[in-house]
There are 4 protein chains.
Amino acid sequence: MSTINIAIIGLGRLGMCHAEHVASMPKVKLKAAFALDDEQLDLAHSRFGAKPYKDWRMMINQENLDAIIIAAPTAFHPEITIYAIEHGLNVFCEKPMGIDMEEIEQMVTTIKSRPEQIFQLGFMRRFDPSYQEAKRMVISQELGDILYMRGYGIDPFKNLKSFVNYAGSNDSGGIFLDMTIHDIDLVRWIVGKEPVEVYAVGNSLAAPELQKMGEFETGVANLRFDNDMVATLVAGRTAAHGNHVEFEIMGSKGWIRVGQEASPYYTTLFTDKGIVRPCMQSFPERFSEAFKAELQAFIYAVSSGKPNTVAAEVEDGRAASKIARACQESAKHHHIVKL
Amino acid sequence: MSTINIAIIGLGRLGMCHAEHVASMPKVKLKAAFALDDEQLDLAHSRFGAKPYKDWRMMINQENLDAIIIAAPTAFHPEITIYAIEHGLNVFCEKPMGIDMEEIEQMVTTIKSRPEQIFQLGFMRRFDPSYQEAKRMVISQELGDILYMRGYGIDPFKNLKSFVNYAGSNDSGGIFLDMTIHDIDLVRWIVGKEPVEVYAVGNSLAAPELQKMGEFETGVANLRFDNDMVATLVAGRTAAHGNHVEFEIMGSKGWIRVGQEASPYYTTLFTDKGIVRPCMQSFPERFSEAFKAELQAFIYAVSSGKPNTVAAEVEDGRAASKIARACQESAKHHHIVKL
Amino acid sequence: MSTINIAIIGLGRLGMCHAEHVASMPKVKLKAAFALDDEQLDLAHSRFGAKPYKDWRMMINQENLDAIIIAAPTAFHPEITIYAIEHGLNVFCEKPMGIDMEEIEQMVTTIKSRPEQIFQLGFMRRFDPSYQEAKRMVISQELGDILYMRGYGIDPFKNLKSFVNYAGSNDSGGIFLDMTIHDIDLVRWIVGKEPVEVYAVGNSLAAPELQKMGEFETGVANLRFDNDMVATLVAGRTAAHGNHVEFEIMGSKGWIRVGQEASPYYTTLFTDKGIVRPCMQSFPERFSEAFKAELQAFIYAVSSGKPNTVAAEVEDGRAASKIARACQESAKHHHIVKL
Amino acid sequence: MSTINIAIIGLGRLGMCHAEHVASMPKVKLKAAFALDDEQLDLAHSRFGAKPYKDWRMMINQENLDAIIIAAPTAFHPEITIYAIEHGLNVFCEKPMGIDMEEIEQMVTTIKSRPEQIFQLGFMRRFDPSYQEAKRMVISQELGDILYMRGYGIDPFKNLKSFVNYAGSNDSGGIFLDMTIHDIDLVRWIVGKEPVEVYAVGNSLAAPELQKMGEFETGVANLRFDNDMVATLVAGRTAAHGNHVEFEIMGSKGWIRVGQEASPYYTTLFTDKGIVRPCMQSFPERFSEAFKAELQAFIYAVSSGKPNTVAAEVEDGRAASKIARACQESAKHHHIVKL
């Protein structure tokens, strides 16, 4: 296995996290990085030796790359992916695929026209051992018939202000496309079926300023499947206690609940506040191992030429985006959307 | 305070439970009991000294009663209530008020025409200290803005067969009227508002024979309020681990989750099965104190002539029934029902 | 069964708690109460109709009693018990039996000379369903060989000051006799064997003023049995989070842990303090059902003339006292005490 | 920083685990490995490129090494360490330092004669974030006065048979030296003080064959400090549920409990067995990150020439060994051992 040359596009929190993981892998070289921010570029250069670029097309053209990692704002995903795929690169793209459904379709067409190139979408939860155990129990039928699923993905309240600022000048795609999409992907992945309709509601009771921007701060989506199994997926930005990511599968023989009290340590405190378990404060903390594992899977896929069987592929990205957009429509108009 | 004379109508599991509580109260006499089953009548007679009746009208006419407790099948609630109210009695009636909406309306009219008589509905969860703590936290605004609520009420799988038998010859009213109604009442009681629409789905994946009887074995109801707060209420009959009654309120300053791991003992086992908490096996076990407390409240209301402020009244019963029936309709026809 | 006439001696927190339980029982009459404090006597009179006495001998002589409940300070237990037994009464006596070992021996002799009278000691934990489940698992050998036991009994820190005041003018008997004795009794009851030696240590690091009074604020006792099984029993007065009573049995096939997170409600809070379970704040709250059950057992024993098989008898009281005193001696002199 | 050349002595479970960690570090080369077993040597060669040796002295003499990792049976630690130190190498040595106290003293003398060489002892728990958080809370006085500590280290029952086989032909040093020593080190590290006496008891109730070998299967040690704070440390080999490593600090302002329900996943199962949390099955699983972190610390210490401040040093190893041996003596003779 020869060295894989990689560049990264976007050096925000997640981009930097990916850069670090790539830099620590054997036989992988983070050759270059694109960002608009000088400080970020300097950091990536000093820490990882990545050559700085402020023009990502030039970076792709000049560097002799095997693959790129896209961690730019969502709206840029389609354009960059299409360019990179057409220039022969393997692509690891953060979720979601894009905001505009038409652009996503073009992306899909391009990617499918180059089946020998790897395209992997950043649904990292698939690489978390807890979710893998959940899926294993479903497939082995240890949980019996699956009757109901529930997903929570609630960001810490303390980050709400900075999201409001971000949303003021960026299009997040809305809460269903930005956040719920993780659980949409999990539900599809775990049950291996497509929902037939969605009913969603959104509110911004704790951050009314979001409403004016067309954003919901809390979104509740119900996905109905053809056998009338339902998945209720709640996304939000107001968990006082930290980063609350929980997932539950209710089966006739048993239930599995993932992450109801995910702790950074194995500690319990007994204090005048009660009996306290500390809570994870950020998704990179909760999913630190999964973020590493998804990139290892990508690198291995690139070097072997075979896509990873756990990883989300282009069709997964398209399907999840369509469902997320249907939720958005349902919540906006207060009606059921058939799929 | 002079002795209160009481009779009970229905001596099934819940009827017997109420009889026992009444019999242990000071200044209360369980004078008579109605049932169709001789064994039940004998038991009530030998244990509590209750005079047996096989005609409940005769019992009401002949005994000099202050109040009756109705624990007969739901379909009989309106007829008995109306008769008892018209005969001047105070009435404690099990939930739900009835199955037929028209009959329920007649019940409401009769009860309201006699404001000096106490009518109390058996929503015992209101008397559970955990729910009272939850409501207190909402009212005191310790939880901030209420963004989402979730209720689970799942009966033990081991009781599924006997329910299938029961449903074969009785009209339970459907899962939303029979089970979800507890959480419908809680949501109304806690937020003090009425939902504006419902979206519900039902399935019978684990007990397909129920489908043929027009019953769902699992029901998922979403109640939307005018501020777009949503409550998702899941009822079912297939919890492998026991009686799972859980309720959650998600607020912007904190969440409260009630009963996620309600245990009969304060024990944790460490065995080759893992780290195990035993689970409650029945609702009378989970709510034993609440069942006592609601009857104490009723007796006190009867003797003082003032309805208890926690207890569910006739309007609560009507409202909850209407919402439950809307859920039923939504699940049957796969559409949203406006309220 | 005719009515049982009872009097109570001592109306402190525990005395009042017993009085309330007795008053709510059918076929039992709380005829009289002894206390030095007028307010307490007035309360017992107005709430339960108990005739007030300031001389307990006079009360025993004048009232036609079947039984008395002794909830006076420990030092008075032997004298009162002996007097009551000699006057033909059944006796329910709070733990421990006494402070002075010689007085305890006299008590034992007197009680044993009247085998037809019931003597029951207030080890209420035996009546808690969690401990009964623990004992059941030991006896049924579900836990395999018992290798180690651990008991914690830590009072809330917020009560420390009032204990310091109390200890300033009363002889509590020391922490091992006052507190550890509950777990000493449990260990003997559960394994059905006697320890052969003890090694104990005490400190008053958080309340040095106790040291001057000859009291320990924290006491650690190790009981060794002849098969070298050990029980470590920790008592203290400084739990910041409330009343922490925990008990564990380590067996070769499994462990059972009782009360590690005993909660007053079935609630979990998710707040900016973390994930929080509220904790019991007092032992009457933790053992409310057990306190009721032990008195019911006593009343039933009195009326049937047969001692309850779960309840602690006079020999249990003597044995536990001897062990507790050995712990005290070990902690004082830093040596092992053989039994 | 130039590449560090390392060899490993011993390729059992722990040796292989260390080899893997070293092999994945940048700027570190696992040049050689010693083992008696051919299969182990082949594996180390094929996986890590380590040159195989069956004579560790020859390996030290022939390879140009910076450091060695000693994961051989305990009895060999002193001899190998002394040889390696005298040949100018940095040494990472598994715990405990040795079995014979005289040999340990020689080891200490040799190591202290070469202060410029790094000697690090494998007390990996110091590198676990939960214990670091515990120590932080003690030092910051968030827990108030420390009144009591408790450590459990119980190996899975399923490994008991293989330990009995091992103990038949090897000297483990006894349970206190082999297992309790981890918690002895933690107690010393956290409170920064030395115990003044120990009282220990051992039994082999679940594996009587161990008794004949002079081994205890369960060992309970009490360490008393000069302020009469006590630490109770329980080690054993019979946890039915897995690898149970728990540690608790009781302070006057709060307690911290580490690892009471350490889970391999963030999952809770609700099944007919109850509400179940899976448990860690092995110490390499529980401490996987700590094992990595201690070696990283060692490598950094070697390259920088400065010992890591968290890591256990030679004096820590000596002190812990002395305490462990005192426990062994106490348990053997049923007396207190003064230190």
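Values as computed for the structure displayed
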{"item": "Proximal charge balance of D:Phe34 [Cβ under 15 Å; K/R count +1, D/E count -1]", "result": "-4"}
{"item": "Translational D in µm²/s for chain A (Stokes-Einstein at 25 °C, 0.890 mPa s, Kirkwood Rh from C-alpha pairs)", "result": "118"}
{"item": "Rounded to the nearest 20 debye, dipole of the protein assembly as shown from Cβ charges on Lys, Arg, Asp, Glu", "result": "0"}
{"item": "Amide H partners (placed H, <5 Å) of C:Ser24, local residues excluded", "result": "none"}
{"item": "Percentage of interatomic Cα-Cα distances in the range D:113-157 larger than 14 Å", "result": "70"}
{"item": "P(r), alpha carbons of the range C:277-339 - 5 Å bins starting at zero, rounded %", "result": "4, 15, 13, 12, 14, 15, 14, 10, 3, 0"}
{"item": "Proximal charge balance of A:Lys306 [Cβ under 14 Å; K/R count +1, D/E count -1]", "result": "-2"}
{"item": "Between the range C:9-60 and the range A:10-35, the alpha-carbon center distance in angstrom", "result": "77"}
{"item": "Exam field: B:Ser2 pseudo-label spacings to other copies (7 Å along Cα-Cβ), nanometres", "result": "3.1, 10.4, 10.7"}
{"item": "Across the identical copies, how the C:Glu102 labels are spaced - nm, sorted shortest first, 7 Å along Cα→Cβ", "result": "5.5, 9.0, 10.4"}
{"item": "Inter-label distance, nm, simple model (7 Å from Cα along the C-beta direction), D:Glu329/D:Arg47", "result": "4.1"}
{"item": "Cα-centred dipole magnitude for the range D:141-247, charges only on beta-carbon of K, R (+1) and D, E (-1), debye, nearest 20", "result": "360"}
{"item": "Overall form of the range D:3-79 per C-alpha gyration tensor (a/c, 1.5; a/b vs b/c)", "result": "rounded"}
{"item": "Volume in Å³ per residue [convex hull over Cα atoms, computed for the range A:142-220]", "result": "115"}
{"item": "Nitroxide proxy distance, nm - points 7 Å out along Cα→Cβ at B:Arg13 and D:Glu315", "result": "6.8"}
{"item": "Cut-off 20 Å (backbone N to label point 7 Å along Cα→Cβ of C:Asn159), residues of the range C:25-46", "result": "C:40"}
{"item": "Rounded to whole Hz, the Karplus (6.51, -1.76, 1.60) HN-Hα couplings of the range B:47-55, x for glycine and proline", "result": "7, 10, x, 6, 6, x, 9, 10, 9"}
{"item": "Chain B: calculated mean residue ellipticity at 222 nm from DSSP helix runs of at least 4, using -39500 (n - 2.57)", "result": "-11500 deg cm²/dmol"}
{"item": "Estimated vicinal HN-Hα couplings, Hz - the range D:157-165 in sequence order (Karplus 6.51, -1.76, 1.60; Gly, Pro = x)", "result": "4, 5, 8, 4, 4, 5, 5, 4, 4"}
{"item": "Over 16 Å [Cα-Cα, the range C:235-339], rounded percent", "result": "76"}
{"item": "Cβ neighbours within 10 Å from other chains - mean over D:142-155", "result": "4"}
{"item": "Normalised contact order of chain C, rounded percent, pairs of Cα under 8 Å and 6 or more residues apart", "result": "20"}
{"item": "Ratio Rg/Rh, restricted to the range C:102-251 and using Cα atoms, in which Rh is the Kirkwood radius", "result": "1.00"}
{"item": "Inter-site label distance for C:Ala75 and D:Gln62 at 7 Å from Cα along Cβ, in nm", "result": "8.3"}
{"item": "Sequence ranges A:34-43, B:146-155, A:83-92, ranked by mean other-Cβ count within 10 angstrom, highest first", "result": "B:146-155, A:83-92, A:34-43"}
{"item": "Net +/- balance of residues flanking C:Arg286 in space, Cβ distance below 10 Å, scoring K and R +1, D and E -1", "result": "-2"}
{"item": "Average partner coverage of D:274-283, which counts Cβ from other chains inside 10 Å", "result": "6"}
{"item": "The range C:174-308: equivalent-ellipsoid semi-axes (sqrt of 5 x gyration tensor eigenvalues, Cα, Å)", "result": "26, 24, 19"}
{"item": "Inter-copy separations for C:Met58, label at 7 Å along Cα-Cβ, nm, ascending", "result": "6.0, 10.1, 10.6"}
{"item": "³J(HN,Hα), Karplus 6.51/-1.76/1.60, whole Hz, each residue of the range D:270-278, x for Gly, Pro", "result": "10, 9, 5, 8, x, 9, 10, 10, x"}
{"item": "Set of the range B:48-67 residues, backbone N closer than 19 Å to the point 7 Å along the Cα-Cβ line of B:Asp38", "result": "B:50-56"}
{"item": "Of C:Val191, C:Gly242, C:Asn227, farthest towards positive along the dipole that unit charges on Lys, Arg, Asp, Glu beta carbons give the range C:129-266", "result": "C:Gly242"}
{"item": "Descending principal axes extents, the range C:207-274, alpha-carbon based, whole Å", "result": "47, 45, 18"}
{"item": "For the protein assembly as shown, Kirkwood radius (reciprocal of mean inverse C-alpha pair distance, Å)", "result": "34.9"}
{"item": "Global form of the range D:1-139, assessed from the alpha-carbon gyration tensor, a/c cut-off 1.5", "result": "oblate"}
{"item": "Against the rule of thumb 2.2 N^0.38 Å, how large the Cα Rg of the range B:172-253 comes out", "result": "1.18"}
{"item": "Whole-Å semi-axes of the range D:104-179's equivalent ellipsoid (Cα gyration tensor)", "result": "29, 25, 12"}
{"item": "For A:16-26, mean number of other protein chain Cβ atoms within 10 Å", "result": "1"}
{"item": "Separation of alpha-carbon centers, the range C:114-167 and the range B:296-339, rounded to whole Å", "result": "44"}
{"item": "Alpha-carbon radius of gyration plus Dmax, which is the widest Cα pair, for the range A:56-130 in Å", "result": "12.4, 41"}
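All of the numbers you see were taken from the coordinates with simple rules; none came from a lab. These numbers were taken from a predicted model, which means no experiment stands behind them. Cβ coordinates were reconstructed from backbone atoms using ideal geometry, including for glycine residues, and neighbour counts include every protein chain displayed.
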